Structures are given as structure tokens and as C-alpha cells.
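The values are calculated or read from the model by the stated rules, or taken from the named source; none is laboratory data. Predicted, not measured: the structure shown is a model, and the values here were computed from it. Glycine gets a Cβ as well: all are built from the backbone with ideal geometry, and neighbour counts include every protein chain shown. We work out accessible area using only protein heavy atoms, side chains counted, and drop any ligands, DNA or RNA first. Shrake-Rupley method; radii C 1.70, N 1.55, O 1.52, S 1.80 Å.
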Amino acid sequence: MIGGLFIYNHKGEVLISRVYRDDIGFFHVKRSNIWLAAVTKQNVNAAMVFEFLYKMCDVMAAYFGKISEENIKNNFVLIYELLDEILDFGYPQNSETGALKTFITQQGIKSQHQTKEEQSQITSQVTGQIGWRREGIKYRRNELFLDVLESVNLLMSPQGQVLSAHVSGRVVMKSYLSGMPECKFGMNDKIVIEKQGKGTADETSKSGKQSIAIDDCTFHQCVRLSKFDSERSISFIPPDGEFELMRYRTTKDIILPFRVIPLVREVGRTKLEVKVVIKSNFKPSLLAQKIEVRIPTPLNTSGVQVICMKGKAKYKASENAIVWEIKRMAGMKESQISAEIELLPTNDKKKWARPPISMNFEVPFAPSGLKVRYLKVFEPKLNYSDHDVIRWVRYIGRSGI
Amino acid sequence: MSSNSFAYSEPAGGEATELGQEAAATIAPAGALGLFSSDLKKNEDLKQMLESSKDSAKLDAMKRIVAMIAKGKNASELFPAVVKNVASKNIEIKKLVYVYLVRYAEDQQDLALLSISTFQRALKDPNQLIRASALRVLSSIRVPIIVPIMMLAIKEASADLSPYVRKNAAHAIQKLYSLDPEQKEMLIEVIEKLLKDKSTLVAGSVVMAFEEVCPERTDLIHRNYRKLCNLLVDVEEWGQVVIIHMLTRYARTQFVSPWREDDGLEDSGKNFYESDDEEKEKADQKKRQYIMDPDHRLLIRNTKPLLQSRNAAVVMAVAQLYWHISPRSEVGIVSKALVRLLRSNREVQYVVLQNIATMSIQRKGMFEPYLKSFYVRSTDPTMIKTLKLEILTNLANEANISTLLREFQTYVKSQDKLFAAATIQTVGRCATNISEVTDTCLSGLVCLLSNRDEIVVAESVVVIKKLLQMQPAQHGEIIKHMAKLLDSITVPVARASILWLIGENCERVPKIAPDVLRKMAKSFTREDDLVKLQILNLGAKLYLTNSKQTKLLTQYILNLGKYDQNYDIRDRTRFIRQLIVPNEKSGALSKYAKKIFLAQKPAPVLESPFKDRDHFQLGTLSHTLNTKATGYLELSNWPEVAPDPSVRNVEVIELAKEWTPAGNAKAENPTKKFYSESEEEEGEEDSSESSSDSGSESGSESGEDSSADSEGSSSEPETESGSESGGDQGAAKSNSRAKGKSDFEDGKKENGKRKASNSSTAESSSTGENSSDSDSESETESDSEPRKVIKEKEEKRKPDRSPNTKTVSLLDLDDFNPVSAPVVLPTPVLSPSLMADLEGLNLSTSSAVINVSAPVFVPTKTHVLLHRMSGKGLAAQYSFPRQPCIFGDKMVSVQVTLNNTSDQKIENIHVGDRKLPVGLQMHVFDPIDFLEPEGSITVSMGIDFCDSTQTASFQLCTKEDCFSVNIQPPVGELLLPVAMSEKDFKKEQGKLTGMNETSAVIIAAPQNFAPSVILQKVVNVANIGVVPSGQDHVHRFAAKTVHSGSLMLVTVELKEGFTAQLIINTEKTVIGSVLLRELKPALSQG
């Protein structure tokens, strides 16, 4: 299994090292300036090591925020404790942040003045069937927040054909619920809806896209996979606080929120004219936010003049790109930027490769068309019913990955 | 001491971290000395801080020390000061001391021993977390002296009440093993014990220990196999990975291959296996038949939901499991999950893509629908781009090549030149693989020759060169085209390649080649060295083939070359001149110059770099690196014949008692008595008991009222009793003489009663004897001889018997005779009138055609219907009691035992929605009002499976919940045993030949050849009746299918050299072949 784990800074200095056996063979991942490396010479599952390193990053991030050299140096005791818990003799262990946080706290370990009760709570959690939630949680207001976060990915040919598009989405839930609630989550999954009979099928044909075909999905460990397998219902006992309930992917009928139309004209050898039009393609009542269009410029750019109707645009020499930012944009609108790029004459005969224009945005709907239909909460032991739970649902569609 | 420790620790630290060494190398030299001295000082005040009474100071000191360790500095001299604090009350300090101890205990063993007692105390702590962490640290201290203490601690912890501690015990096993491999045997014992653990927490860890300590001991897994499969979903994710890998290896040693040999590389099978049923039927027609072991199926089924796991490692593990052990037709389901993983981190992506690349070489079809997912993005790193390209190449076929080529066109324009070059190579590979597009690819590549980028052009030329080399017949045109290109192309590599091509094919383009040489001669001095060399080669080749036109040109070039600046070119010139231009000094070689220059050059092979990776287990490090990693365990090839599947059976009788207290008690009784009974006891009593038992059973079962009859039907239960006692005896392996005798006497009595009339009884007793006695055997033989005579007589008599009998019965007889033999033959000895009476009474019996006999007792196998975890405390098991169903005679009776494992009453347990395949019917149990905590209840159900192994799915509902459950019958439970004489058996067998016969040869261990063992093994697999046999090397069994009542005849014929012929005759060929598959391994195993 894993023979050792090291954390390096960008200069190659070891910040943290933990050696289990004398092994060689590297796996490493990078987070900002920090390298996490695992070594082994055993025949491990390669994906597992990477997966573990990323898990480790997540756990550390959950404990002290950004992973930076500074933070790691400040928290190395904590990291050693975490390592103790999640990597025993090179074997990855329970790496659920929620569970870890109950007995390894940010202030170091809780002192031994813990009451007996607390202790038994911790132990039952570590050892119990439901490792991700402890008993006896109480809230005055039972609330839950559902975020449907989707990112649209698009692959286009240079000719402007859409080669493939998919949405990878996440359903993130923040639960503040008392007791051990049993939740059931429903969305407009095509398979489920079709199953539910013909009554709804008529509706589907009337109002078009009522249900979506989910290509494939993964769940948090709290979701009963067997139940999903047999009846495609998503039921679970949620961990307390924030967690990612599921991830999914769709490839069909994706609403592409924007269209970018670039026009590039090379005027002589030292001048380039770029015109980019973006069109928003959704309901006029909705507002897209944080729009950022990044137009790459050739390496030998000497000066840029930009005119845009909306938002701010700037040429960033360090990034070799014109960055155009628009704070808000309503649906079914159009906006345009034109730029004149001055080039330094070079000997290089190579044509400018015209790298892709990239765009970031946030739209308040799910590009895949996913809708949350219900989220039922049952808590058999405590006295609150499904109606008492306050639910908040939010859809965010983003660009990329 | 301290200097000593230095010597120890330094190399240890260095060895441990290669990178660490590097890092140290860059930093250390700068101020090694200064650092060292300041260290010494610092250590002094650290010591003081550790001695202080304040926890905060100690904590601070410990933190600094641990920081030193992290940076690879030596802190070993602080050992005594640190160890004192191991007993500190402050957990935080304690933890840090542990970190320190684990690092340095090995160097300072004597001092480390001081801390041991603290751990020993902690091991007894009431808090399980403390026990666990004490064990963890204790086992991490690598001091050989404490091995016995560790061993003891592990043993104790493995029996701890807390599963968390047991889990840590499992981890400690590996640590102890790496410290002292001598302990292996003892550790294996602990592993064995922990493997039996039912906690999901322990399962993952103990399998890790198993993999490390004794991966070869598959025998430890047998009994836990099913449990592990069932627990798998609930085990934590890292444990899942390890378990899946282990089970993959296990399955490869224990089950026969589900792959058909003619499957080849491409999945031709996929098209024609639409459904499982169809697959079965198709397989039937094939000569080779394969039935998957239910355990094999169990593993495949239980891992499937894990494809949805969030953890990429788990998904990868399941994918490799499917790849390595599931039938080819089912591997496809993993592709979707793998494609999904492409959305994760790029490192994971890399690993996954590598695996996909390997898979896609063998199975194009799997990933074809996802072709577009492998399109390269401009933002992908190069390593991923090239892998994707590799996959795209593997997936290319006639249908999608045009789309792919269009995509490739884009890639060629990529800024990433390495990638562009790789793309061109890919195009070349596609061109060679798919002959339809070779020309398109070639022309495409030729177009690329005019590309401005050097690498692209060079690569294109090289690829074109390779392509042309492969099909030397039809490329005159392209060579001409390339010759024209020589004027425009400037890249030396490309020019050189073109010249080489022309030279190589100079005889095919006789007009162009000299002209090219002429042009080249003109520009010779201006060319690149690489090109010059090729010009020389071209000249030499032309000189040899076409000296008339080119002699002067070549000599001119050779002259130019002679005074070239580059010594390589001068050398080459000299060499060529000596070789080709004949002069007085030229040696023997010049004769062969033509052969040397124009030898047939082997065409380069364009193949995937992943071609040879598939011999590594997918998903492993070895596969990723394409070299064997330490501890790599080869996946064994499938065994030819599956080892005995029964080894995986858990103690069933115990279980049966535990779970089905009400239902099985009755069935168990006779055997229990049988086992306990002393051998002197009367066999007759035994047989009479069983006969009455079976008699009543058969009466109630088939609803026959035959028992009312005096003679003919009384022979029926007796027949059964005979066979049954034979079977029981076999089961008990009693070879006592007394028993055999009594049995025999019993038989003789019967024989006396209706001597030579009903052969079955005599035969059954002879079966009993074969295993028991030799002197009684002689008697049997003498006995059997007259019987044979009578048999012949009987046969003669049969046809003329019918006119004598009364018409009603006669018609009936005639009616059913051709269909299948009546098991109870009317005894010819009786007077015709009595016989007629008899048959009249037998009417109802004969309409059932075959008489059902009592089943031979076997321990009941229980199957889990609903696990208590998923059932929220409600657990359900089901078993097949092998009794005819009371709800309908086409149904198989199923006993369901419900347990309430929760601490609350479960109310209103009933069966909810049913999802039954067409034709299946179900009779459910009456709703149960409530079930007390810890209570259990057994209910019966009837299911008509329509003689198929289709799954009956339904919902088991309580007041609050509904749980979906499945019952899938083993094929052996779809049968009801039938009593039959040998003769009838043979007759029926004669009717069921050809398509209705399936057979197999098995090789079995010698001990399996005892008749009792064979009997036991066969009835274990199927609910089937024993047919008395006259020959001791032939064993016959008969049964009928529950739904249609078709006969199922099984013959086991023992041959020399421990082989046996297994023949099954039945109309239901599907069931027959399934049964054959299940019997085969059962009989062949030791």
C-alpha cells in the first residue's frame, strides 16, 4: 500500500513526511504551491492513491481552508493527527471530514475533560453504521438548503460545430435538521417520471422538456445505493452540515446559455481586428452574472484598443489576453466588443494559432433542465413533520468542468 | 549511545525518502555545520522544556520536535526526554509523543521499552478509542523484542467487543508481519478469526492484512466468500477497493471461465446475446456449455452498484473486476462509469484513460458509443491528449473513421507539436488498420507534406514511408507525387525520406528516379547532411539497377561527396565507391552489392504501445507503469474445472437451526436420529419410519389418493423407503455390516413378498450393499439374475396384457404409457382382475403420470432475502424445503424466515408489489400482524417459476417501509424427485436422446467415487430421486420439473482412470444443461 506520504513546498522542501515503509515510486498531485506526494513500490490500485491524495487535500482544506505552505506549517500537528487517523500503515481509512471533525478539532484534540457522553458519542460514530452523522443533533429551526450546481462543458470544432456538450452537475445540500432524519430526494429524472405512469407523460409532451435523461450519477455514501438500483429513489440520512449529495452528468438537450461569435481580421502584418459578440440564450427575466470573456491575443502584441458596449474590458499583457467582464446580463440580449490589436513585426512566419476564446459565467438556472421535485424529510422519533422543514433551493449554472 | 544512534538513523531516513534525500541535498550543504551546532543548543532548551511541569511548554517543545522530524532533521538524542512524557495525561502531548516514538523507537530500542508498559495499560482502557490507538502505536514501534507482546495484544484485540478495536487489530497484523515474518503462522490464525467477523468495519482491514500476509491462502476465503460479497456495499470505500481486488483473484482461481473461447478479441457475442435467456438458449446449442457458478454471479451482482461510487478507486476496482471475471457480454456496463471518471482530476483521468486504452484494444465495442468523450480538448495536458488519441485509434472502425479523420485534422493543427506528431502517427495506424481509408489517409498525409511545420511534415513523410512499405504494390502514383514535392519541400528529414523512398522503389519508377538524381546532383552541395547521405544512397541504388543512365551522375555525386566537409559523408562516399564501382581491388562483396542495397526491408509495425499491457491486472500500479511492481500477484488463469463450490458453504445445519426453527425441525429429525443411532439398532425401524414419513408426504403432496389402495400402492412407499434408506445410508457413510445386512434383509423380505415383481426394491438394497458388504453382494447378484429373466418376461407380457384388462383402466394406461413410464408398474403376478381394480383405483395417480417420491434429505441451504441492514432491522432468509408446495402443484415451495433484529416491534409484515416475469406466479404468505424484537417466524410461500431460473422480485413490506427482495431458485430446486425402476429409467432415457441429451465427462478425485459420495453430491445440488441400479458403476437419478412435469434423468457412469460420464436426458434442455453445469463441478471436486 502507500509507503509514505510527503508534503513539499514549491522549492522541494519537505513540510510533512510520514514514512510507513521503505518504498519508492511516486504519485503526486499539486495544489497551488504545494505538492503532495505518495510513494510506494507495492502493486496498489493506482487510482486509489491519487484519489486518496485528493481526499487528503479536501480534508486539509476542510480543516484550515486554503492549502498553502503557510497553513501547512501552522497546522502540521493537526496534519499528523489527521494522517494518523486516515492513513494507517499506508492503508487509507475513513476520510469523511464530518466524522473526523468530531474527534479531531481545529484546536487540536479535545481535552480529556470531555464528558463520558461525548466520548461514547464519538465512539459510536466512529464505529457505528452511520459514520457520517452523530445522534442527538438538535436545531430550533429545521432548515435545509439545496444547491444545484451545474457546469456546462462544450467542445467545438474550429469551424464552430458543437462536437459534444455535457453538463456535469452537483447537488449540494446543507442540512440543519434535528435527530436522524430520513430524507427522500426527487428530481425530474426521465426514468422515474416515465415509471410513474401516463398521466405525467401527457404533460411532458405538452410542455416539452419536463424530464431529463441523466446519463450517470454518483452519490454520497449516505445514499442507499441498493434502493437506487432497484427503484431509482434517492433516500438517505444526511450528514449534518454541508455535503455533496450527488453528482450527475447529462449530455442530451443541454441549454447552452451563451453563444460567442468571434470575428478576426488580420489587417496587414502588424494589425489585428477582433470582434466578439456574445448572445445570451435564456429567458429574458433571468439575469446572468459574473460573465468573463477571455480573448487570447498573439504573443507579439504591442498594444490593444478596446471598445465595448457593456461591462469593462482590459488587455492583460501578463496573460496574453483581453479580459472582458460583464457584471450582469439579462436573457435574450446581445453584447459586443471590438478590439484593435497592434502587433510587433516578427521574423516568425508562423501564423497565429488562434487559441480558443474562453468564457465564464453564472446563470440562475440549471442548463441541463434538472428540477428538484421534492425533498421529503421524515423523522420518526422527533416531533417535527415534513411541513415544518424550511427548504431553500437554488440553481446555478456555470461554465466549464 | 548518541553517535550510535546517528549511524542508525541517518541511513534509515535517507533510504526512506528518495525525494527527501534530494531535498536535503539542496539545502544541507549550505550550512550543515552551523545548523548542527545551533541544533545542539536548541535541543538543550527543548530538553528543558520537556522537563518542565507546564503542559504548554511540553506541548510547544513536542511540536518543535515533530517539526524537526518532518524536515528530516535528527531528533533522536531527545529520546529519553520525550519518552518520559508518554504517560502524560494531556492527550495532545501524548499524540505527539506517539509520533516521535514511532519514528525513533527502532533506533533506541532499550529506551523504547520503557514506554511499553504505558501502552499495555492503555490496551485495557474502557474507552475503545484509546485501546485502538494504543494498539496502533504499539504495533508501529518497530522493536523486535516486543514481538511477543504485540502478538498477545493483537490476539486480545481481535476478540475485542468493539469492532473499531478489531479493525485496528487487523491493521496491526501487517505491521507485525513486516517486523517479524516468522510470526506468519500465528498471524494467519488471527486473520482467519477476523475474516469471520461480521462487522463491515473490520472486513476491509482484515482483507488488507490477508493480502499482505498470506494472499496465497485462498482456503481462508472460501467460507467467508459469500459474506464478503454481501457486506461489500456497506464496507468503507478504501476497504472496498482492497476487497474487490482480492475477490477478483479469488474468482479467477475458483470459477471456470465464463468466456467462450471462440469469443476472440472482438465481441461478436455482444450482438447475439440480447438477454440472459437468449444467451442460455444459444449456449445450449453450442457444444460447450457454461453455467455460471451462483457464487460467481453473486460477486458480479453485488459489485455492480459500486460503479456508482463517488470514489474513483472503487469504480476502477469494479471495472477491473468486471473486465477480469465477468462474462464478456456484461463487461460493457463499466464503460459508462469509466467515462464518467474522465471528469475527475487529471491524475485520475490519466490512470483511467490508460486502462480504457488497454480495454479498447481488446474490446472496441465497449467504448464506441462514448467516442466523443475521448475527443481531445485544447486544455488537456499532453499526457492526456496522447492517451485519448490512443483510445480514439483503437476505437476507429469503418463506420466512424471519417468523423475521426475530420477530428484528427483539427488535432494536426494543434499548437502542441508533440501531439500533432502523435496525431499523424495515429492517422498512419488507422490507415493500416482500416483498408477502406488507406487511400484517403495517404492523400491526407500527402497534403500535410506541404504543411509549414517541420515536425508535421517530417512525421507525415515518415508515416507515408511506413505505409508505402506495407503495401508495396500500388504506390507508384504517390511516389511520383512525392518526387514532385521534392521541389517545394525544404525540411531535410522529409527530403531525406522521399529520397530513400525513391531509391528503394527505383525500379518501379524507372523514369523519375534518374531525373530526381539529376536534380539532386545539382543541389548536392546546398543540401543538409541528412539529405546528402540519402542522395548517395539513391545514387548507389540507381547505379546498380540502371547504370546506363546514371553511371556518370553517380560518379559525379561520389566525387562531390569525397570532398565534403562532413566526415560521415566522406566515409559513406568511400564505402559506396568501393562497393559498387568495380575495380581490381574490389573484394568478394561487390558481387553482392545489389543484394545489400536493395534487400527487402521489413515493414515497420504500427501498433499500439498498449498492446502488451493487458497481461497486468488492470487498475494496478504495475499496469500503469507497465512493469511489475513488488508484490504483484499474477491473476491466475481460469481453472479448467472449477474446484468444489461447496467449500464456500457455511455450516448450514447450524444456520438452519438458527433461522428456521419451526420449519426445518421435522425434516431434520430423521437424520439426527440416524446419526445418533447406534449401529446395532434395527434398520427396519428406521426404514419403516422413513417410509411412513415419505408415504404421508407423498400422499399430501401430490394429492393422490393412492394410499387407499392395498397392494400396488403400498409398494410405492416401500420403494421409496428402500431408496431413501439407501440414500441416508450413503449420507451417513455407514459401511457397517450390520446395517447393510438389515437393510438387505429388509429388501429380501420385500423380495419375498412379491418376488421378482418390482425390481426397484431389490435394487435399492443392492445399492446399499455395494458400499457396505461383499458377501451380501454375492447374494444380490444371485438375486438379480432371476430378476433379469423376469424383466424380459415382463416386457414380453406387457403388450398382450392390455387386451386382458378392463377397458377404463386400459385406456388410461395406454394414454400415459407413451408419454412416460408409470413408475409403479402393475405387477404381473397379480391376477388380471385385481390388477384392473388396482388400476382403476390408480386413476388419479396415473393422471399425474409420474409419482413423486420423498426427497432425499440434505441440509437446507439458506439464502439471504433481506439483510438486516437494508431491512431496518427486519431480516429475512429463504430456503427451499424440497417439499411439494401446498398452494399448487406447479409451484416450488419456499420457506421464508423473518427475524426482527431491531429493538422495536415490526408490524404488519406482508408482501407488497410483485414484479414477476411473464408466466411466473406466486402464492404469498398471510400478513403477519407483528413481530416482537428478537422474534422470528417462518412462513411458507409458493412460487411457480415456470421451470426457469428467472428471479421472482417482490416487495416485502412492513407498516412503514417496503423493501425490494428477490428470490432466484437454484435449478436443482425446480425439480421433484421421482421414484422409478431401472428399466423404466432406461426406457425413458431411450426416448430422450439426441437433442434432449446432454453429457459431459468429469474427472474426479478417487474419494469421490464411492457411491455414497456421489449420491450425496448429486442430491445436494438437485432435489432428485435415486433410481436403484443393477450395476455398481452406474448411478441413476430421476426427477420431474415442478411446473411442466417433464422428466429429468441423470446418469453418472464411472469409468476407469477416475473419469465419469455424466448424462442428463430431459425434454427441458435448458434446465438440463443448467443442471449439468452445476453437477459437473460438484462431482469433480475433491
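The figures follow:
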{"read-out": "Virtual spin-label span in nm between residue B:591 and residue A:289, 7 Å along Cα→Cβ", "value": "9.2"}
{"read-out": "Violating pairs (Cα-Cα greater than 26 angstrom) within the set B:54/B:175; A:138/B:94; B:465/B:511", "value": "B:54/B:175; A:138/B:94"}
{"read-out": "Residues in the range B:76-118 reached by a label modelled at residue B:54 [backbone nitrogen below 17 Å; 7 Å Cα→Cβ]", "value": "B:90, B:93"}
{"read-out": "Given charges at beta-carbon only (K, R positive; D, E negative), |dipole| of the range B:323-453 in Debye", "value": "360"}
{"read-out": "Over the range A:31-78, volume per residue of the alpha carbon convex hull, in Å³", "value": "81"}
{"read-out": "Taking only Cα atoms of the range B:373-490, radius of gyration then Dmax in Å", "value": "13.9, 42"}
{"read-out": "Solvent exposure, largest accessible area first (probe 1.4 Å, DNA, RNA and ligands not counted), of A:332, B:68", "value": "A:332, B:68"}
{"read-out": "Quotient of Cα Rg and 2.2 N^0.38 Å for the range B:110-157, N being how many residues it contains", "value": "1.04"}
{"read-out": "Distant-in-sequence amide H partners of residue A:241 (H built 1.01 Å from N, under 5 Å)", "value": "A:175, A:177"}
{"read-out": "Span per principal axis, largest first, for the Cα atoms of the range B:920-995 (Å)", "value": "57, 24, 18"}
{"read-out": "Average silhouette area of the range A:341-401, convex hull of alpha-carbon atoms, in square nanometres", "value": "8.5"}
{"read-out": "Gain upon complete extension [residue B:511, residue B:417; 0.36 nm per residue less C-alpha separation]", "value": "30.2 nm"}
{"read-out": "Heavy atoms of residue B:403 accessible to a 1.4 Å probe, total area in Å² rounded to 10", "value": "50"}
{"read-out": "Cβ neighbours within 10 Å from other chains - mean over A:82-92", "value": "6"}
{"read-out": "Solvent-accessible ranking of B:860, A:346, largest area first, probe 1.4 Å", "value": "A:346, B:860"}
{"read-out": "Residue B:615 - accessible surface, heavy atoms, 1.4 Å probe, Å² rounded to 10", "value": "110"}
{"read-out": "Probe 1.4 Å - accessible area at residue A:316, Å² to nearest ten", "value": "70"}
{"read-out": "Estimated distance in nm for a label pair at residue B:903 and residue A:394, the labels positioned 7 Å out from Cα along Cα-to-Cβ", "value": "4.0"}
{"read-out": "FRET efficiency estimate (nearest 0.05) - Cβ-Cβ, residue B:377 to residue B:110, R0 51 angstrom", "value": "0.25"}
{"read-out": "Accessible heavy-atom area order of A:258, B:1037, highest first, probe of 1.4 Å", "value": "A:258, B:1037"}
{"read-out": "Note, ³J(HN,Hα) from phi for the range B:938-948, Karplus 6.51, -1.76, 1.60, rounded to Hz, x at Gly and Pro", "value": "10, 10, 10, 9, x, 10, 8, 8, 6, 6, 9"}
{"read-out": "Spin-label model distance (nm) - residue B:599 vs residue A:194, 7 Å beyond Cα toward Cβ", "value": "6.4"}
{"read-out": "Length gained when the stretch residue B:403-residue B:926 is fully extended (0.36 nm per residue, less Cα-Cα span)", "value": "182.1 nm"}
{"read-out": "Cleavage-rule hits (GluC sites (Glu not before Pro)) in the range B:137-219: DSSP loop, at most 13 neighbouring Cβ within 10 angstrom", "value": "B:216"}
{"read-out": "All-pairs alpha carbon distance profile, the range B:873-1006, 5 Å steps from 0, percent", "value": "2, 9, 16, 17, 14, 13, 9, 6, 5, 5, 4, 1, 0"}
{"read-out": "Links that overshoot a 26 Å alpha carbon limit, given the list A:227/A:376; B:890/B:991; A:184/B:196", "value": "A:184/B:196"}
{"read-out": "Sites residue A:231 and residue A:137, calculated FRET efficiency, Cβ-Cβ separation with R0 30 Å, nearest 0.05", "value": "0.60"}
{"read-out": "For residues of B:234-244, the mean tally of beta carbons on other chains within 10 Å", "value": "5"}
{"read-out": "At least 50 Å² accessible surface lost relative to isolated chain, residues of the range B:52-99 (1.4 Å probe)", "value": "B:70, B:91, B:92, B:95, B:99"}
